[in-house]
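First comes the structure, then the notes that go with it.
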Amino acid sequence: MSPGLLALIASLPIVAIFVLMAGFRWPATRAMPLAFVIALALALWVWKTPANWILAASVNGLVIAGKILFIVFGALLVLFTLRESGAIEAINRGFTSISKDKRVQAIIIAWLFGGFIEGAAGFGTPAALAAPLLLSLGFPALAAVMVALIANVTPVSFGAVGTPTLIGIQSSLDIPSVQQTIADSGMTYAAYINQVGIWTAAQHAIPGLLLPLIMVAMLTRFFGEKRSIREGLAIWPYALFAGFCFVGPYLLVAIFLGPEFPTLMGGLIGLAILIPATRAGFLVPENSWDFQEKERWEQNWTGSITMESTSGKGEISILKAWTPYILIGLLLVLTRVRSLPFNQWVKSAGISYTNLFDTTVSGQFDPLNNPGIIPFMLVALLSIPLFNMGKREVGAAWKEALHRIKNPLIALAFAVPMVRIMMQSGNNPEGIAGMPIAMATAMSGVFRGTWPLVDSFVGALGSFMAGSNTVSNMLFSLFQYSIAEQLGISTILTVSLQNIGGAMGNMICVHNVIAACATVGLVGVEGLLIRRNLIPMAIVGGIVGLIGLILIYTVGPGLI
């Protein structure tokens, strides 16, 4: 079989996801099971992968999916616990008093607060939380969703306590051939993943500085009375400062603490810097910008939801409302910094397995080290006495979290095993290259040395299809690594570009668009949002591609 035909056949599961979800608008709960069946059929009858390898890959995939689901559930539980307690309402009240300029409000809430939520929760929660907050501040529903999605790019590569990097990439490249290559270079696998994280943050830096400005320019272009980007660009000193408030700590934390904390600490430190600076009027524009009167809004700008107070309790102080998030940040640092004793304690309860079904497949599940349990579920439980919550409120929070986890459970239970089967398909008696390597061989022959220019768009395609940077990294990390090996360029830089691309895809990700629209009551505008958000995605992708191309041929020769 020719390499081109083999690559085309190998791409069938990914093509199926794209066609079904983008073309036929199937939900992931339907598209992923079918894609799994296609990958399974290819592994059995085209690649002739032995049954024990397929079974081991599937079981390992389910374990990884379980890790992700614990994180998703814990994050949702915290979010809904705070909503039912009235804490989210108090956080919103604090934002309202900072500035009346809608451009400033969009930057603080969508960029920095959304970034912090991405670091603590991820999986679509930032846009779903930021959009209603913006709606309550007087934003049109369509504008609220648009800016919330655009802002949620730079934070995503390290979202949910580093999950896209630590699970998406680390688990995907965790195969003997990659491990051996890295070991031969004199680097440990953990150090390699850490380097991928550092270079992800470094290549995010310039587009991250510009992203708040791009976001407000889109806001004034499509929702301003004059329909002009100039009103957005007029705030450039403040927007660039806001970009630095996040990106500065983000990059430093990636370098010194690792892939778990950049987004969480970038958002938290950024808020601590920008909010007092804004209150003091630092770089805040003299002319405040607002939307025109509601009577003149276009019909598709508004949704069916209005933000009104539903809490019957007295007002919660802003400090008290933020306490759960402060606890999350504190517990994450205490349990993840390797030099502290708590790090070894949370890892001590792990369950590991090796040589699964007489293969080299191995893995582990350490529940106490899973952020879904500590700190998310723990903080959700501590919030009950903190906010004096009743049984009805607690029950409503748990019920909502359990309800929301159903669709991700179905999608991930098929998506992750599918990816693992594709990765292990090369373990066959025929000596046929595995599916990701077959695709990489064909693609490297087409783009050759210009690959860094298109690298990130592959990651974006993965997020668009799968609804998650983590899953995009699972789909394409080995593919990107293999392309880098074939072209003789740095695998660290190439894989980090994939990580950035998966974050870019969040702007147009079908799942996130639908979820964010649902929070503000919008129906039927998903296609419009995706088309508009292709503009900032193309801008960010172009910048990232040029940076990647320069780094590959300057710094790259000194990196693995």
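The values are calculated or read from the model by the stated rules, or taken from the named source; none is laboratory data. These numbers come from a predicted model, not from an experiment. Glycine also receives a Cβ, built like all others from the backbone with ideal geometry; neighbour counts cover every protein chain displayed. Keep in mind that these areas ignore ligands, DNA and RNA; they rest on the heavy atoms of the full protein, side chains included. Shrake-Rupley method; radii C 1.70, N 1.55, O 1.52, S 1.80 Å.
Small (G, A, S) and in contact with a Lys or Arg (Cβ under 6 Å, 6 or more places away or on another chain), is that true of S288?
Values: small (G, A, S): yes; in contact with a Lys or Arg (Cβ under 6 Å, 6 or more places away or on another chain): yes.
Yes; evaluated as a whole, the condition is true for this residue.
V379 fulfils the conditions (1) farther than 30 Å from G556 by Cβ; (2) surrounded by fewer than 21 Cβ atoms within 10 Å (Cβ to Cβ); (3) not hydroxyl-bearing (S, T, Y) except for a single criterion, (2). Exactly one residue out of L330, L319, L334 is out of contact with any Phe, Trp or Tyr (no Cβ under 8 Å at 6 or more places or on another chain), modelled with pLDDT under 85 and not basic (K, R): that is L330. The condition (being open to solvent by less than 10 Å² (accessible area, probe 1.4 Å) and assigned to a helix (DSSP H, G or I)) is satisfied by just one residue among A272, A277, A254: A254.
Only one of the numbered conditions (1) part of a loop (DSSP other than H, G, I, E, B); (2) farther than 24 Å from N533 by Cα is not met by T181, and that is (1). Among all residues of segment 382-400, there is none that is acidic (D, E) and free of Cβ contacts under 8 Å to residues at least 24 places away in the same chain.
The requirement of being open to solvent by less than 30 Å² (accessible area, probe 1.4 Å) and farther than 30 Å from L135 by Cα is fulfilled nowhere in segment 525-536; no residue meets it.
Can you spot a residue in segment 71-92 that is in a loop (DSSP other than H, G, I, E, B), of a type in the set (S, T, N, Q) and touching a residue at least 24 places away in the same chain (Cβ under 8 Å)? Among the residues of segment 71-92, not one is in a loop (DSSP other than H, G, I, E, B), of a type in the set (S, T, N, Q) and touching a residue at least 24 places away in the same chain (Cβ under 8 Å), which makes the answer no. Comparison of V525, V510 shows that the only residue that is modelled with pLDDT under 90 and in contact with a Leu (Cβ under 7 Å, 6 or more places away or on another chain) is V525. Selection of segment 342-368 for residues being open to solvent by less than 30 Å² (accessible area, probe 1.4 Å) and without any contact (Cβ under 8 Å) to a residue 60 or more places away in the chain yields N343, V346, D366. Against the conditions (1) within 28 Å of L327 (Cβ to Cβ); (2) touching a strand residue (DSSP E or B) at 6+ places or on another chain (Cβ under 9 Å), P371 satisfies every one except (2).
Using the structure shown, decide if L62 is part of a helix (DSSP H, G or I), out of contact with any Cys (no Cβ under 6 Å at 6 or more places or on another chain) and at pLDDT 85 or above. Yes, satisfied. Name the one entry in L546, L493, L497 that is in a helix (DSSP H, G or I), at pLDDT 95 or above and under 19 Å from P155 (Cβ atoms). Of the residues listed, the single one that is in a helix (DSSP H, G or I), at pLDDT 95 or above and under 19 Å from P155 (Cβ atoms) is L497.
Have a look at G505, G524 and point out the one that is assigned to a helix (DSSP H, G or I) and of a type outside the set (D, E, K, R).
Residue meeting the stated conditions: G505.
In summary, E393 fulfils each of the numbered conditions (1) buried (at least 19 other Cβ atoms within 10 Å of the Cβ); (2) within 15 Å of T81 (Cβ to Cβ); (3) of a type outside the set (G, A, S); (4) within 27 Å of the chain's Cα centre (by Cα) with the single exception of condition (4).
Regarding segment 462-475, can at least one residue be identified that is open to solvent by less than 10 Å² (accessible area, probe 1.4 Å), of a type outside the set (D, E) and more than 27 Å from L42 (Cα to Cα)? Within segment 462-475 (the criterion being open to solvent by less than 10 Å² (accessible area, probe 1.4 Å), of a type outside the set (D, E) and more than 27 Å from L42 (Cα to Cα)), the answer is no, since none of the residues qualifies.
I'd like the full set of residues that are open to solvent by less than 10 Å² (accessible area, probe 1.4 Å) and among the polar types (S, T, N, Q), limited to segment 174-203. Within segment 174-203, T200, Q203 meet the criteria.
Residues that are open to solvent by less than 20 Å² (accessible area, probe 1.4 Å) and in a helix (DSSP H, G or I) were ranked within segment 46-57; the one that is farthest from I316 (Cα to Cα) is I54. Only one of the listed residues (V216, V284) is assigned to a loop (DSSP other than H, G, I, E, B), buried (at least 18 other Cβ atoms within 10 Å of the Cβ), in contact (Cβ under 8 Å) with a residue 24 or more places away in the chain and of a type in the set (A, V, I, L, M, F, W, C). That residue is V284.
The rows are residues; the columns are (1) at pLDDT 90 or above; (2) more than 30 Å from D358 (Cα to Cα); (3) of a type in the set (F, W, Y).
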residue: L34; (1), (2), (3): yes, no, no
residue: L40; (1), (2), (3): yes, no, no
residue: L44; (1), (2), (3): yes, no, no
residue: T49; (1), (2), (3): yes, no, no
residue: G66; (1), (2), (3): no, no, no
residue: L69; (1), (2), (3): no, no, no
residue: L77; (1), (2), (3): no, yes, no
residue: E89; (1), (2), (3): no, yes, no
residue: R93; (1), (2), (3): no, yes, no
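Could you look through segment 94-142, keep only residues that are more than 20 Å from N287 (Cα to Cα) and of a type in the set (S, T, Y), and pick out the one that is most open to solvent (accessible area, probe 1.4 Å)? Once the filter is applied, the top-ranked residue is S136.
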